[in-house]
Amino acid sequence: MKNLDFKYEELIAAIKKVAPFKPQIALVLGSGLGGFAKSIKTVKSIPTSSLPNYPKSTVQGHEGFIHFAEYKKKKLLLFQGRIHLYEGYHISKCILPSYISNKLGAEYLLLTNAAGGVNTNFIPGDLMLNISMNAINIKKELTDLFGIATIEQKNQLSDFPNANFNSIIINAALEENIHIKEGTYWFGKGPSYETPAEIRMAAKLGADAVGMSTVHEAVYGAACGMKVSAISLITNFAAGISPNKLSHQEVMETADLAKEKFERLVKRIITLL
Ligand code: HPA
């Protein structure tokens, strides 16, 4: 794995200077799911625009804050806003939430995202626990990050998801009476949504949901040694599954409708960790 420390020394020093504690659990809040930060006690909020070398978030629904927060005595680090490859950022910037979480000492990394439902049993509003991911569309970038020698080993996603962490998530869903589906997350580079033909191909190759984030954060986080799991909120039928045109507006609206369920689940997961 390439050493990024020289690049982010100043950034990590700036966060550590104001960090009120060492977080145990880090969470990356996906499109429209950032409101979770408002539902718990935040101890310290840092606008990412104030941090040296931190990329600007350009997507609606990604606010650009890092929060230190507490819930049921658990110390949390929340990333409200993520950095996407489709925004034009190099992968070494896109993995910053995982990099920072690891540098601050987090043991668990929970990634969340909005995704389109490819599996025809999924409907908007469903939650999908990621049991696997596909990194085929992001191999070049992962090679840039890890170097040629180790890419074969690292891009297998072999340490993702953490089996124990996934069992805890399933138990949390049971306790909250939330039906959580399971499936494979398929990475699309974006920035445009997929075409119906691409979705048919992804479905044939085993995709259950499709999105434009998370895979690199998961690979990198797991390679750092954190326990990583991911939950997708299905915000729309993927292209061609329903006759409707996809829109970021729809993604945000579904996320808003499902946020109570999502927040309940995440809180229960935190309680169980
Ligand atoms: N495709 C890709 N990314 C997405 C989608 C989708 O259908 N929905 C939310 N993020």
Conditions (1) more than 15 Å from the ligand (Cβ to nearest atom); (2) under 17 Å from the mean Cα position of the chain (by Cα); (3) under 26 Å from Leu174 (Cβ atoms); number of the one not met by Leu273: (2)
Among the numbered conditions (1) over 26 Å from Lys267 (Cβ atoms); (2) outside any loop (DSSP other than H, G, I, E, B); (3) aromatic (Phe, Trp, Tyr), tell me where Phe79 comes up short. (1)
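One line per residue, one yes/no per condition, for (1) free of Cβ contacts under 8 Å to residues at least 40 places away in the same chain; (2) out of contact with any Phe, Trp or Tyr (no Cβ under 8 Å at 6 or more places or on another chain); (3) over 24 Å from Phe79 (Cα atoms):
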site: Thr195; (1), (2), (3): no, yes, yes
site: Thr214; (1), (2), (3): no, no, no
site: Ser232; (1), (2), (3): no, no, no
site: Val251; (1), (2), (3): no, yes, no
Result of the Cβ filter at 6 Å on segment 77-103, keeping first residues that are within 15 Å of Tyr8 (Cβ to Cβ) and modelled with pLDDT of 95 or more and partners that are in a helix (DSSP H, G or I) and among the hydroxyl-bearing types (Ser, Thr, Tyr), at least 6 apart or interchain, is Ile95/Tyr220; Ser98/Tyr220
Just one listed residue, out of Lys73, Lys56, is under 24 Å from Ile168 (Cα atoms), surrounded by fewer than 21 Cβ atoms within 10 Å (Cβ to Cβ) and free of Cβ contacts under 8 Å to residues at least 24 places away in the same chain, and it is Lys73
Run down Ala207, Ala202, Ala218 and say which single residue is touching a strand residue (DSSP E or B) at 6+ places or on another chain (Cβ under 9 Å), in contact (Cβ under 8 Å) with a residue 60 or more places away in the chain, of a type outside the set (D, E, K, R) and closer than 30 Å to Asp5 by Cβ. Ala218
Within segment 30-53, tally of residues that are among the hydrophobic types (A, V, I, L, M, F, W, C), over 30 Å from Leu142 (Cα atoms) and either buried (at least 23 other Cβ atoms within 10 Å of the Cβ) or without any contact (Cβ under 8 Å) to a residue 12 or more places away in the chain (or both): 0
Counting only residues that are surrounded by fewer than 24 Cβ atoms within 10 Å (Cβ to Cβ), away from the ligand (no atom under 11 Å from the Cβ) and of a type in the set (Ser, Thr, Tyr), give me the strands (runs of 3 or more DSSP E) lying completely in segment 174-265 with at least 3 of them. none
Among the candidates Ala13, Ala26, Ala19, which residue alone is without any contact (Cβ under 8 Å) to a residue 12 or more places away in the chain and away from the ligand (no atom under 16 Å from the Cβ)? Ala13
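The values are calculated or read from the model by the stated rules, or taken from the named source; none is laboratory data. Just so you know, these numbers come straight off a predicted model, no measurement behind them. When we count neighbours, we look across all protein chains shown, and the Cβ atoms used for this are built from the backbone with ideal geometry, even at glycine.
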